[in-house]
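Undergrad: Pasting in a structure now, in structure tokens, and then I'll have a few things to ask.
The values are calculated or read from the model by the stated rules, or taken from the named source; none is laboratory data. Because the structure is a prediction, the values reported are computed rather than measured. As a convention, Cβ positions derive from the backbone with ideal geometry for all residues, glycine included, and neighbour counts pool all protein chains shown. Surface areas here come from the heavy atoms of the whole protein model, side chains and all, with no ligands, DNA or RNA. Shrake-Rupley method; radii C 1.70, N 1.55, O 1.52, S 1.80 Å.
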Amino acid sequence: MNPLYIIRKAVPADIDVMMDIFECGKQIMRSDNNMTQWTGGYPQRELVIAEIERGNSYVMVAPNGVVAATFAFILTDDPTYKVIYNGSWTDDVLPYGTIHRIASRADYCDVARQCFNYAWSVRPNLRVDTHADNHIMQHVLLKNGFKYCGIIHLVNGDERLAFQKVDALNCITPSLLNYVEMQILPQYAAFDEAHQLQHARTVVRESLDLAMRYNANTNMAYAIAAFHDLGLSAGREIHHIKSAEIIRADKALATWFSLTQINVMADAAEDHRASAKTDPRTLYGRIVAEADRFIDGEDIMRRTLLYGKKHYPELSLEQHLQRAKEHLAEKYAEGGYLKLWFPESSNATRLKQFQRNLKNWDWVDAYLRQLAACLGLY
């Protein structure tokens with residue numbers, strides 16, 4: 001079980017142990033062949049003392065009383081983030097917090113996640129930069145919901161990879177947010193287990209991430225994602241068409257969108273279906289289609305079995321497993337019909353990993369059997 005750390009602001013009495021932890025951090029970097037980060041005595045004792053005095057330094061105390069990790073969390077704008085190259089910040093308007101110099105002792109785990117969760121609770125818009133050779137931190141950032149944004153330059157000119165995690169719902173017009181949350185998303189409770197509210201919120205989250213990355217209208221992306229599967233009320237085969245009709249018929253949407261925007265939104269909902277023979281007509285169609293294809297191997301296999309349970313209740317366990325494997329091979333394996341539109345996205349990375357897993361069909365069979373037992377498919 002991961003320890004639950006107490007996070008508090010650092011005090012001058014912590015300085016010696018913090019410097020020891022930074023040395024541990026350097027050793028971890030060197031063991032991962034990161035030989036050029038935190039060299040030349042960085043972080044200097046004087047810098048750490050100054051950050052403690054400013055109230056920007058924190059320590060993480062393990063249940064056994066040991067100070068296991070430290071980080072800096074700064075709520076003022078970072079001047080080195082004003083210019084970003086080869087990309088853009090996910091959001092460049094809302095106030096943000098910056099995490100610097102996170103380090104831990106080698107024998108303590110779950111430090112980064114709890115650090116990020118703490119910072120997120122204070123300000124749900126976080127930025128981090130890291131060295132190109134720091135593959136451990138890059139992995140941890142992506143795992144914890146940060147998006148790669150581009151390259152920034154430190155004061156001395158050194159390049160760093162920049163990441164950001166932002167609550168995109170902050171960018172939605174409050175009255176639209178209230179309407180969708182109260183009137184639209186609750187309708188998913190009436191749909192099958194694979195298309196409940198959790199699925200809708202996943203599509204909303206992924207749509208907003210993509211919209212912010214590609215400078216699309218976040219209000220439009222949010223509404224499209226919320227409406228995209230409402231047509232399931234008319235059956236799965238025509239649900240995409242029905243969803244488009246529902247968008248066009250919803251008079252309330254005229255409060256926030258022009259007729260042209262509403263038509264684009266309806267087209268996007270109609271184009272989102274994975275088995276569509278043609279590509280989505282607009283950027284918004286590609287966004288919701290990609291978000292609807294969110295790659296989570298366990299969830300995909302679970303939803304595949306749930307679909308079979310609902311639509312083919314007469315099948316035996318072995319028949320359910322066979323149907324699921326055929327579907328996974330046809331749609332998700334290399335050469336499958338599933339198509340993504342943003343090759344640099346984290347979704348594309350997850351698909352490649354899932355495809356590697358699907359090459360081991362013994363593993364797939366064992367995993368499906370585990371899930372089938374949990375779902376009552378005996």
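Undergrad: For Phe294, are the conditions met, namely being in a loop (DSSP other than H, G, I, E, B), at pLDDT 95 or above and open to solvent by less than 60 Å² (accessible area, probe 1.4 Å)? Before you say what the answer is, go through the steps one by one.
TA: On the way: in a loop (DSSP other than H, G, I, E, B): yes; at pLDDT 95 or above: no; open to solvent by less than 60 Å² (accessible area, probe 1.4 Å): yes.
It is false that Phe294 is in a loop (DSSP other than H, G, I, E, B), at pLDDT 95 or above and open to solvent by less than 60 Å² (accessible area, probe 1.4 Å).
Undergrad: Follow-up question, since we're still on this one. Please pick out the residue among Leu328, Leu317, Leu351 that is in contact (Cβ under 8 Å) with a residue 12 or more places away in the chain and open to solvent by 40 Å² or more (accessible area, probe 1.4 Å).
TA: Values: Leu328 fails: open to solvent by 40 Å² or more (accessible area, probe 1.4 Å); Leu351 fails: open to solvent by 40 Å² or more (accessible area, probe 1.4 Å).
Step by step, each of Leu328, Leu317, Leu351 is checked, and only Leu317 is in contact (Cβ under 8 Å) with a residue 12 or more places away in the chain and open to solvent by 40 Å² or more (accessible area, probe 1.4 Å).
Undergrad: Checking Asp296 against (1) under 20 Å from Leu232 (Cα atoms); (2) in contact (Cβ under 8 Å) with a residue 24 or more places away in the chain: exactly one of these is not met. Which one?
TA: (1)
Undergrad: Sticking with this structure for a sec: For the stretch 227-237, check the following and say yes or no: at least one residue is out of contact with any strand residue (DSSP E or B) (no Cβ under 9 Å at 6 or more places or on another chain), among the polar types (S, T, N, Q) and touching a residue at least 40 places away in the same chain (Cβ under 8 Å).
TA: Quick first cut of the stretch 227-237, residues out of contact with any strand residue (DSSP E or B) (no Cβ under 9 Å at 6 or more places or on another chain) only: 227-237.
In the following step, the residues that additionally are among the polar types (S, T, N, Q) were identified as 233.
Restricting the remaining residues to those that are touching a residue at least 40 places away in the same chain (Cβ under 8 Å) gives 233.
The answer is yes; a qualifying residue exists.
Undergrad: Here is a list: Met212, Met182. Which entry is of a type in the set (A, V, I, L, M, F, W, C), on the phi < 0 side of the Ramachandran plot and in contact with a strand residue (DSSP E or B) (Cβ under 8 Å, 6 or more places away or on another chain)? Steps first, answer last, please.
TA: Values: Met182 fails: in contact with a strand residue (DSSP E or B) (Cβ under 8 Å, 6 or more places away or on another chain).
Result of the check over Met212, Met182: Met212.
Undergrad: Filter the stretch 355-366 down to the residues that are under 17 Å from Ile295 (Cα atoms), in a helix (DSSP H, G or I) and open to solvent by 80 Å² or more (accessible area, probe 1.4 Å) and list them by number.
TA: Arg356
Undergrad: Can you run down the residue pairs with Cβ atoms below 7 Å, 6 or more apart or on separate chains, where the first is in the stretch 111-131 and free of Cβ contacts under 8 Å to residues at least 60 places away in the same chain and within 15 Å of Asn56 (Cα to Cα) and the partner is polar (S, T, N, Q) and open to solvent by 20 Å² or more (accessible area, probe 1.4 Å)?
TA: Phe116/Asn144
Undergrad: Which of (1) open to solvent by 50 Å² or more (accessible area, probe 1.4 Å); (2) closer than 17 Å to Leu210 by Cα does Arg369 not meet, given it meets every other one?
TA: Going through the list (1) open to solvent by 50 Å² or more (accessible area, probe 1.4 Å); (2) closer than 17 Å to Leu210 by Cα, Arg369 breaks only (2).
Undergrad: Follow-up question, since we're still on this one. Out of all the residues in the stretch 215-226, is one or more closer than 22 Å to Thr278 by Cβ, modelled with pLDDT of 95 or more and not hydrophobic (A, V, I, L, M, F, W, C)? Don't jump to the end; show me each part of the working.
TA: Start the filter on the stretch 215-226 by keeping residues that are closer than 22 Å to Thr278 by Cβ, which leaves 216, 220-221, 224-225.
Checking the rest, the ones that are also modelled with pLDDT of 95 or more come to 220-221, 224-225.
If we keep only those that are not hydrophobic (A, V, I, L, M, F, W, C) too, we end up with none.
No, the stretch 215-226 contains no residue that is closer than 22 Å to Thr278 by Cβ, modelled with pLDDT of 95 or more and not hydrophobic (A, V, I, L, M, F, W, C).
Undergrad: For Thr202, which of the numbered conditions (1) touching a residue at least 24 places away in the same chain (Cβ under 8 Å); (2) over 19 Å from the mean Cα position of the chain (by Cα) fails to hold?
TA: (2) is the only condition that Thr202 fails.
Undergrad: Cβ-Cβ below 8 Å, separation at least six or inter-chain, first residue in the stretch 167-192 and touching a residue at least 24 places away in the same chain (Cβ under 8 Å) and acidic (Asp, Glu), second open to solvent by less than 30 Å² (accessible area, probe 1.4 Å) and assigned to a helix (DSSP H, G or I): which pairs?
TA: Asp192/Leu232; Asp192/Leu306
Undergrad: Out of the helices (runs of 4 or more DSSP H) lying entirely within the stretch 98-215, which hold 1 or more residues that are of a type outside the set (Asp, Glu) and surrounded by 22 or more Cβ atoms within 10 Å (Cβ to Cβ)?
TA: Helices (runs of 4 or more DSSP H) meeting the threshold: 111-122, 135-143, 197-213.
Undergrad: If a residue has to be in a loop (DSSP other than H, G, I, E, B), modelled with pLDDT of 95 or more and surrounded by fewer than 16 Cβ atoms within 10 Å (Cβ to Cβ) to count, how many in the stretch 247-280 make the cut?
TA: Matching residues across the stretch 247-280 total 1.
Undergrad: From (1) under 20 Å from the mean Cα position of the chain (by Cα); (2) closer than 22 Å to Asp192 by Cβ, pick out the condition that doesn't hold for Gln355.
TA: Exception for Gln355: condition (2).
Undergrad: Gly285: closer than 22 Å to Ala223 by Cα and either β-branched (Val, Ile, Thr) or outside any loop (DSSP other than H, G, I, E, B) (or both), yes or no?
TA: It is true that Gly285 is closer than 22 Å to Ala223 by Cα and either β-branched (Val, Ile, Thr) or outside any loop (DSSP other than H, G, I, E, B) (or both).
Undergrad: Here's a follow-up. In the stretch 297-310, how many residues are open to solvent by 30 Å² or more (accessible area, probe 1.4 Å) and either at pLDDT 95 or above or hydroxyl-bearing (Ser, Thr, Tyr) (or both)?
TA: Within the stretch 297-310, the subset open to solvent by 30 Å² or more (accessible area, probe 1.4 Å) is 298-299, 302-303, 307, 309-310.
Next, from what is left, pick out any that are either at pLDDT 95 or above or hydroxyl-bearing (Ser, Thr, Tyr) (or both): 307.
Within the stretch 297-310, residues that are open to solvent by 30 Å² or more (accessible area, probe 1.4 Å) and either at pLDDT 95 or above or hydroxyl-bearing (Ser, Thr, Tyr) (or both) number 1.
Undergrad: Follow-up. If you check Leu232 against the conditions, is it modelled with pLDDT under 95, in contact with a helix residue (DSSP H, G or I) (Cβ under 6 Å, 6 or more places away or on another chain) and either open to solvent by 60 Å² or more (accessible area, probe 1.4 Å) or within 18 Å of Ile295 (Cβ to Cβ) (or both)? Don't jump to the end; show me each part of the working.
TA: On the way: modelled with pLDDT under 95: yes; in contact with a helix residue (DSSP H, G or I) (Cβ under 6 Å, 6 or more places away or on another chain): yes; either open to solvent by 60 Å² or more (accessible area, probe 1.4 Å) or within 18 Å of Ile295 (Cβ to Cβ) (or both): no.
Taking the combined requirement at face value, the residue does not satisfy it.
Undergrad: Which condition does Asp250 not pass, out of (1) in contact with a helix residue (DSSP H, G or I) (Cβ under 6 Å, 6 or more places away or on another chain); (2) within 20 Å of Tyr284 (Cβ to Cβ); (3) free of Cβ contacts under 8 Å to residues at least 60 places away in the same chain, if it passes all the others?
TA: (1)
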